[in-house]
Each structure stands twice: as structure tokens, then as C-alpha cells.
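Student: Structure incoming, see below.
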There are 2 protein chains.
Amino acid sequence: MEQRVHFITVATRDLDAVRRFYVDGLGWTATMDVPDEILFFQVGPGVMLGLFDAEAFAADLGAGTPVLPAPVGCTLSHNVESPAEVDRVLEQAATAGATIVKPGQHAAFGGYHGHFADPNELLWEVAYNPGWQVAEDGRVTLGPADE
Amino acid sequence: MEQRVHFITVATRDLDAVRRFYVDGLGWTATMDVPDEILFFQVGPGVMLGLFDAEAFAADLGAGTPVLPAPVGCTLSHNVESPAEVDRVLEQAATAGATIVKPGQHAAFGGYHGHFADPNELLWEVAYNPGWQVAEDGRVTLGPADE
């Protein structure tokens, strides 16, 4: 099994709220929108985020899987270039309808970050990480965890 | 906010089990391994998977965040080239210590897939998706949801 994620799929209560937040609010473009079922957004080279109706998510996993309204124990991170941009993106997300979970602040890894929850309680971290570097070929190097 | 995920971070009960499963079992290479805290694996161009100690995950989100032993409502998908390779990867994962949640079978999207849970209950889908295409620049196109 290669070291590769192609889809991140999350249980989602309200797909209309997805459209309002990501498409209308943040200006994102869906690669595919199947009403009442799933929206896909491309979130990296060869990487898709699927916001999947919570009941359909559970049904896809099989009988006996509980229907959960939102993912827990999982965070998606979006890196930006400066602490000021962290604050700016958190403000943009809040304006679009997100709930700020952790305001912008010093992060344990040596940078600056904050968290918001989308209207379906999917958690996002917005981070300025001075140790984050991506080479031409997409290979990531990480600086020390603490500095 | 750009349409981009840089880190997928999941609450993880047992980091030793992570090493045994992903490193020893699947042969993956960690970009960074901070004992008792987090392991990072690169899982795409500019995309990292962080397996973060569940207590540290909760602490990072702030006081009052419950410590959950594993993510729920979230699946990571790994695409392969054929139904036979789905079965082969599921078998490899099981041999490495995963639990098969859904054996390889026809998938609603028109391909073939199955699911396993890693030793910390992180869910993976292994999929053959005939509608999945990635261009040179990393742009994904998806075929019809059903065919």
C-alpha cells in the first residue's frame, strides 16, 4: 500500500450549509455536487475532500454503523504565510458562517494558529508554520516541532 | 481562504501501534516522529497525515475538548488501479494488523472498494474508481457517481 491519501471523506449533516459556506462564503469551486448526497472539492494535487451526507456515509460503511452528524477526532489544516494571514482567514471564515473554536495564537510547534468549525462542525486549523517547506516536487520538510 | 488542505490530523490512542502498522507493516516512512506525541507521514504532494496522541490532540484544541481515542465520521481513501489490487491491499493491511470493516465489493460509485480500520480505529477505504483521473498538474476529474 503506497503512502498516499486520495480522498478525505467526512460525515456531513447539512449539504446546503456546505454550499453556503464553502462555495458562497469562501468562493470555492466544487468538482462534483450530487444533491442530497455529496460535494467534492479538490484540496490538493490529486487530493479531494468529500463532504458526504451523514446517513449516506454510515450506509456506505455498512449496516450497524451509527449515523454521526459530524466528524470528531479529526482536523484539516490550511497553511498560510504569516500570523496576520491566519487572523485574516479566521475572520473570513467567521464572516462566511464558521464558529471560531480557538482564536489566533502562538502554537506549540513554534508558529501561530487558530481553529474554526464549519457549519457542520468539521474542524479546520489555520496555521502559519515557519518549519513548513514544500519542494518543487511536492515533498514536504518540517522544521523542529519546537523552536 | 484557498481551496487547500495541508495536514490531516487524527486523534490516536497508541503511537507504538502506528509504528508497527504503518512503518513495519506497510513499509511507510515517517517524515517526523516525536515519541509520545505525533508521527507525520507524507501522503500526497504537499499533504501530510499527522497521527497525534489523543490527549495532546484534545489539549491542542483547548480546555474542555474531550479526549477521544480515535476519529469517527471521517475516512481516508487510497485509490488503486484494479479490483484485484483492492483485495491485495486489504489483505496486506490485515496482515499488518488492520481490521477489515468491509471486504472488497462493488461500490455505489461504480467501482470496487473495501474498508479497513488501522489499530487505532482510523478508517481507510481502498478503492478502484474507474472515474478517477489525475492530470499532469494534479487536477482531478471524476466520472459520473453511478455508471
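Each reported figure results from applying straightforward, stated rules to the coordinates on display, with no laboratory input. None of these values were measured; they are calculated from a predicted model. Please note: Cβ atoms are built from the backbone with ideal geometry, for glycine as well, and neighbour counts cover all protein chains shown.
Student: Calculate the length of the line joining the C-alpha centroid of the range A:76-147 to that of the range A:1-17, in whole Å.
Tutor: Comparing the Cα centres of the range A:76-147 and the range A:1-17, I get a distance of 19 Å.
Student: Rounded to the nearest 20 debye, what is the charge dipole size of the protein assembly as shown about its Cα centre when +1 sits on each Lys and Arg Cβ and -1 on each Asp and Glu Cβ? Walk me through the numbers on the way to the answer.
Tutor: Working: 14 positive and 42 negative charges, 15 e Å.
It comes to approximately 80 debye.
Student: I would also like to ask the following. Summing +1 for each Lys or Arg and -1 for each Asp or Glu, what net charge is found among the other residues whose Cβ lies under 12 Å from the Cβ of A:ASP16? Present the calculation step by step, with values, prior to reporting the outcome.
Tutor: On the way: positive: A:ARG13, A:ARG19, A:ARG20; negative: A:ASP14, A:ASP24, A:ASP33, A:ASP36, A:ASP53.
So the surrounding residues net to -2.
Student: Hey, rough spin-label estimate for B:ASP24 and B:VAL67, points 7 angstrom out along Cα→Cβ, what's it come to in nanometres?
Tutor: 2.4 nm
Student: Just checking the output field for A:32-39: average partner chain Cβ neighbours within 10 Å of each residue's Cβ?
Tutor: Numbers: counts 7, 0, 4, 0, 0, 2, 2, 0.
Taking all residues of A:32-39 together, the mean is 2.
Student: Which value in nm describes the separation of the simple spin-label points at B:GLU136 and A:ILE100, placed 7 Å from the Cα toward the beta carbon?
Tutor: 4.5 nm
Student: Using a 7 Å offset from Cα along the direction of the beta-carbon, what are the separations from A:PRO130 to the same position in each other copy, nm, ascending?
Tutor: Those label-point separations list as 5.3 nm.
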